[in-house]
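The values are calculated or read from the model by the stated rules, or taken from the named source; none is laboratory data. Since the structure is predicted, the reported quantities are computational estimates derived from the model, not experimental observations. All Cβ positions, glycine included, derive from the backbone under ideal geometry; neighbour counts span all protein chains shown. The area values use the complete protein model at the heavy-atom level, side chains included, leaving out ligands, DNA and RNA. Shrake-Rupley method; radii C 1.70, N 1.55, O 1.52, S 1.80 Å.
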Protein chains: 2
Amino acid sequence: MIDVPKKFYNIQSVLEIPPPTGDNLKLLPSIFPKGFLGQEMCKEKFVSIPEEVRDVYRTYRPTPLVRAERLEKFLDLPNGIKIFYKREDVTPSGSHKINSALMQAYLAKQEGFKRIATETGAGQWGTALSIACKIFGLDCSVYMVRCSYNQKPYRKVLMRLFGAEIFSSPSKLTKFGRNVLKKMPNTSGSLGIAIGEALEDTIKHNDTVYALGSVLNCVLMHQTIIGMEVKDQLKEIGERPDSMIGCVGGGSNFAGFMLPFVENKMNGENIDFIAVEPKSCPTLTKADYKYDYGDTAKLTPLLKMFSLGYDFIPPAIHAGGLRYHGMAPIISALIKNGLIRAKAYDQIEVFKAGKLFSEIECLIPAPETCHAIKAAIDEALKAKKNNEKKTIVFIYSGHGLLDLKGYEDFLDGKLKTS
Amino acid sequence: MIDVPKKFYNIQSVLEIPPPTGDNLKLLPSIFPKGFLGQEMCKEKFVSIPEEVRDVYRTYRPTPLVRAERLEKFLDLPNGIKIFYKREDVTPSGSHKINSALMQAYLAKQEGFKRIATETGAGQWGTALSIACKIFGLDCSVYMVRCSYNQKPYRKVLMRLFGAEIFSSPSKLTKFGRNVLKKMPNTSGSLGIAIGEALEDTIKHNDTVYALGSVLNCVLMHQTIIGMEVKDQLKEIGERPDSMIGCVGGGSNFAGFMLPFVENKMNGENIDFIAVEPKSCPTLTKADYKYDYGDTAKLTPLLKMFSLGYDFIPPAIHAGGLRYHGMAPIISALIKNGLIRAKAYDQIEVFKAGKLFSEIECLIPAPETCHAIKAAIDEALKAKKNNEKKTIVFIYSGHGLLDLKGYEDFLDGKLKTS
């Protein structure tokens, strides 16, 4: 069995990422731990994982890389077409998010902070940060996007179990939240709004830092522990990937999974990286590449990214983790360079793939993860039709056991398209 | 790493279990597959696991045996006191139940049946059987105890995802269910009632067999795959158990875990087997050892067991899987012989232990499993007080991600005692 990696992989060592800009840059030192900002700017190829964090990783990593044998059989794939998935659902939080949450809580603790404020969309990130804060002895406040807050009541219970306090966003606790509520009392909320609230909360409190579950360079870097493991695991079984597929909201699970393979592609290896997003929030497939705010309150620096606009509020689809107006600058740059391609799917076809996967592989994927599954199935069937050999690897970013309301709506025929 | 066992262990080879009796014995051939009845009476020490079933086991077994290092540290235990837990929450159904569900679905399929009817308390068994039926291509109907049906809405979604149909029990579908509803329209239901309904359904349909998630000799035998693995896993790390602890409803997870160790105790080894039950359903700690029906409709043969009476309806505690009036004849006989001892806990102290475990070990246990955790913690603290060395192993029978309503009530101070 492979060991838990000792280092994160840093794509900034080989790829120029346009730096953030704007007046809000000056706010950063009051928002993030110094250690975090250091990692964000770092250009070294490998960044050591602190042993205290690696000790926690070791309790659940390496996560399994599994061959989808029953799915292959069900799809009647010829021998040369293989599907593998990397299981990040087996972490304590049920998704990949905890990989970065642990690093961020550790860095905050190191510098003596007492509390972390954050936002959460589907609740995966909030759960992960609650656990990480509990492990490193920090308080945790979570602004949860209103539509997820209402769709996923048990997510809240889970976060409360780990000692976090949860607010439905927009909330009355922040000036920005109150303004939004005045203008749009019935809004479903958005990640952009929730980030704005968590940032305002952080700026108001000296003992508090902010943590973000995706988008930023070093958050994506923390997730490369996934791809580093996949590299070792594929090597161990003598395989190499032709397609690597993941869903994208802010981009962190997909990036963590595929970034360690980008240099292989730069060096001539033929790997098809596919980022999958919902049609209702088509950041990569419909938006422009430009400098924009990461939040609706305009408190973040300007980030160079594909963005539907900082004030875009996507429909209340069940894949709450993919409801983000922007896209990580790293993923955006790789799209721009032609190293990654993007696909978008409708919510109903995505749940259909998720139901099929549940039945066949006996695992219930998160609605976000269903996007990757749908694309993996499509790629496999395309290869079959074209008589191609292909090894498809996708990232199974999280389980859907706390997203069963979405599946219920799907089974009851109540889901809306897009 | 150890391999998945090739055989089940059969305690009937060394322990005389009083046979079932009564007029209903004649119904058995119309209720169960012949292969199942053959296993139920079998006296061989080892029973081979069919390769088709072992292939499915291999997708999730062996399950991990984990040292509770953080819990030990939190409890400030001296070096000589160790706590291990066997993780049956990592199965596709989230609990140990699928180990027997797969065998039972396989046996039904072998003999050409098209459908399985069953009952479920907390929903763990119903979920497991839904998955097993999906894998072996059978239809599945589940009578779900009313209080769980209402407390655990997402359990239903999960079973529906695997293609099962679910009825709240008592239902209007059976004569027995209609009678109960007439007499007690507001009943919370019970496993005894739900079993009665599933049996009536089975007897009415020729293409249907019945499956039971616990109690019967061979159901417990199917679960010994757990204890066989634990034996190999402990040997691998050079440990032996002083205490083996599990929660008991019908008795299957605890039995599967400890039965392979009973001969060690018979041969003079000092192992303390502790069966933990809820105070509100005190089968082992308060009831008589007698012949009684396994269901409220009196359709089963008479079983020699500890029983609170076939018409006993326990309070609607959240540990729905432990709300059974009787106890497996095998566990009952072992209690009677003094080979196992029993403890009972109140629901609130049990959830308190579950919350502590969640925070420390970062896993949310099922309310049933919390009973084992509470006892394990108590045993560890007792050993610490008495300056004893002790290796405690308990069975972590399932996760509580679909039981968060119980935790919510606990956090909100709404849980009733007992």
- Item | Position A:R341, label points 7 Å along Cα→Cβ, spacing to each other copy in nm (shortest first, one decimal) | 6.8
- Query: So how far, in whole Å, is the C-alpha centre of the stretch B:175-246 from the one of the stretch B:385-418?
  - Reply: 21 Å
- Note on the structure: Asserting the computed 222 nm helical MRE of chain B (DSSP H runs at least 4 long, -39500 (n - 2.57) per run, divided by residue count, to nearest 500) equals -12500 deg cm²/dmol
- Task: Kindly work out what percent of the DSSP beta bridges joining two residues of chain B are antiparallel, to the nearest 5.
- Result: 30 percent
- Task: Over the whole of A:199-212, what's the average partner chain Cβ count within 10 Å per residue? Rounded to a whole number, please.
- Result: 0
- Task: Please report, in whole Å, how far the alpha carbons of the stretch B:138-272 spread along each principal axis, starting with the longest.
- Result: 56, 31, 30
- Item | Cα-based equivalent ellipsoid, the stretch A:86-144: semi-axes from gyration tensor eigenvalues, Å | 19, 13, 8
- Honestly the stretch B:169-226 on the Cα gyration tensor test (a ≥ b ≥ c root eigenvalues; a/c under 1.5 rounded, otherwise a/b vs b/c for prolate or oblate) is just oblate
- Task: Taking 7 Å along the Cα-to-C-beta vector as the label spot, tell me the A:L37-B:L381 distance in nanometres, rounded to one decimal.
- Result: 4.6 nm
- Furthest towards positive pole of dipole, B:A108, B:C140, B:V14, structure part chain B, Cβ charges: B:C140
- Message: Using the Kirkwood radius over C-alpha pairs as Rh, can you work out the diffusion coefficient of the stretch A:13-87 via Stokes-Einstein at 10 °C, viscosity 1.306 mPa s, in µm² per second?
- Response: 92 µm²/s
- Message: If you average the C-alpha positions of the stretch B:307-363 and of the stretch A:3-20 separately, how far apart do those two centres end up, in angstrom?
- Response: 51 Å
- So, for the Cα atoms of the stretch B:132-187, Rg and Dmax in Å stand at 12.8, 39
- Note on the structure: With all protein chains in place and a 1.4 Å probe, A:H399 shows an accessible area in Å² (nearest 10) of 20 Å²
- Task: With 21 Å as the limit, write out which pairs from A:K26/A:K204; B:K97/B:K290; A:K156/A:K298; A:K6/A:K231 have Cα-Cα distances beyond it, or answer none.
- Result: B:K97/B:K290; A:K156/A:K298
- Item | Global form of the stretch B:289-360, assessed from the alpha-carbon gyration tensor, a/c cut-off 1.5 | oblate
- Quick one: accessible surface of B:E236, probe radius 1.4 Å, all protein chains present, in square angstrom to the nearest 10. 110 Å²
- Query: Want the number for A:E52 to A:D412: 0.36 nm per residue separation, take away the alpha-carbon distance, what's left?
  - Reply: 125.0 nm
- Query: What number, in nm² with one decimal, is the all-direction average of the projected area of the convex hull of the alpha-carbon atoms of the protein assembly as shown?
  - Reply: 33.5 nm²
- Dividing the Cα convex hull volume of the stretch B:48-125 by residue count, how many Å³ per residue is that? 127 Å³
- Query: Could you give the angle, 0 to 90 degrees to the nearest 10, between helix A:191-204's Cα long axis and the longest principal axis of the Cα atoms of chain A?
  - Reply: 40 degrees
- Item | 10 Å Cβ neighbours from other chains, averaged over peptide B:390-401 | 1
- Task: Report the normalised scattering of the stretch A:110-213 as log10 I(q)/I(0) at q = 0.12, 0.14, 0.15, 0.19 Å⁻¹, calculated by the Debye formula with identical scatterers on the alpha carbons.
- Result: -0.34, -0.46, -0.53, -0.84
- Provide the percentage of antiparallel DSSP beta bridges, counting only those with both residues in the protein assembly as shown; round to the nearest 5. 30 percent
- Task: Please work out how much accessible surface A:K43 shows to a 1.4 Å probe, ignoring ligands, DNA and RNA, in Å² rounded to 10.
- Result: 110 Å²
- Message: Using a 7 Å offset from Cα along the direction of the beta-carbon, what are the separations from A:G238 to the same position in each other copy, nm, ascending?
- Response: 3.6
- Quick one: if the Förster radius is 35 Å, what FRET efficiency do A:K45 and A:E239 give, using the C-beta to C-beta distance and rounding to 0.05? 0.90
- Message: Suppose we keep just the alpha-carbon trace of the stretch B:274-418; what are its Rg and Dmax in angstrom?
- Response: 16.2, 51
- State the residue of chain A whose Cβ is nearest the axis carrying A onto B, and the distance in whole angstrom. A:L401, 2
- Reachable aspartates and glutamates from B:K235, Cα under 14 Å, same-chain residues fewer than 8 places away excluded? B:D3
- Item | Computed Rg/Rh of the stretch A:215-360, alpha carbon atoms with Kirkwood Rh | 0.98
- Task: Counting only DSSP beta bridges with both residues in the stretch A:8-159, tell me the antiparallel percent, nearest 5.
- Result: 45 percent
- Message: Report the Cα centroid-to-centroid distance between the stretch A:277-306 and the stretch B:68-88 in angstrom, as an integer.
- Response: 47 Å
- Message: Taking loop as defined by DSSP and a crowding limit of 11 other beta carbons within 10 Å, which trypsin sites (Lys or Arg not before Pro) in the stretch B:161-193 fit?
- Response: B:K172
- Select from A:F36, A:H318, A:G249 the residue farthest towards the positive end of the dipole of chain A; place +1 on Cβ of Lys and Arg, -1 on Cβ of Asp and Glu, and compute about the Cα centre. A:H318
- Note on the structure: Per principal axis, largest first, the Cα atoms of the stretch B:1-151 extend in Å by 57, 43, 33
- Task: Give me the angle, in degrees from 0 to 90, between the Cα long axis of helix B:124-136 and the longest principal axis of the Cα atoms of chain B, rounded to the nearest 10.
- Result: 70 degrees
- Kindly write out, for the stretch A:356-370 in residue order, the coupling ³J(HN,Hα) from the Karplus curve 6.51 cos²θ - 1.76 cosθ + 1.60 (θ = phi - 60°), rounded to whole Hz, with x marking Gly and Pro. 4, 4, 4, 5, 8, 9, 6, 9, 9, x, 4, x, 4, 4, 4
- Difference of contour (0.36 nm per residue) and Cα-Cα distance, B:K175 to B:D23: 52.7 nm
- Query: If we sort B:147-156, B:382-391, A:138-147, B:317-326 on the protection proxy, mean other Cβ atoms within 10 Å, highest first, what's the order?
  - Reply: B:317-326, A:138-147, B:147-156, B:382-391
- Within 10 Å of each Cβ in peptide A:156-165, how many partner chain Cβ atoms are there on average? Round it to a whole number, please. 5
- What does chain A give for Rg and for Dmax, in Å, if only its C-alpha atoms count? 19.8, 61
- Query: Ranked from highest to lowest mean number of other Cβ atoms within 10 Å per residue, what is the order of the peptides B:56-65, B:197-206?
  - Reply: B:197-206, B:56-65
- By accessible area with a 1.4 Å probe, ligands and nucleic acids excluded, highest first: order of B:S332, B:S30: B:S30, B:S332
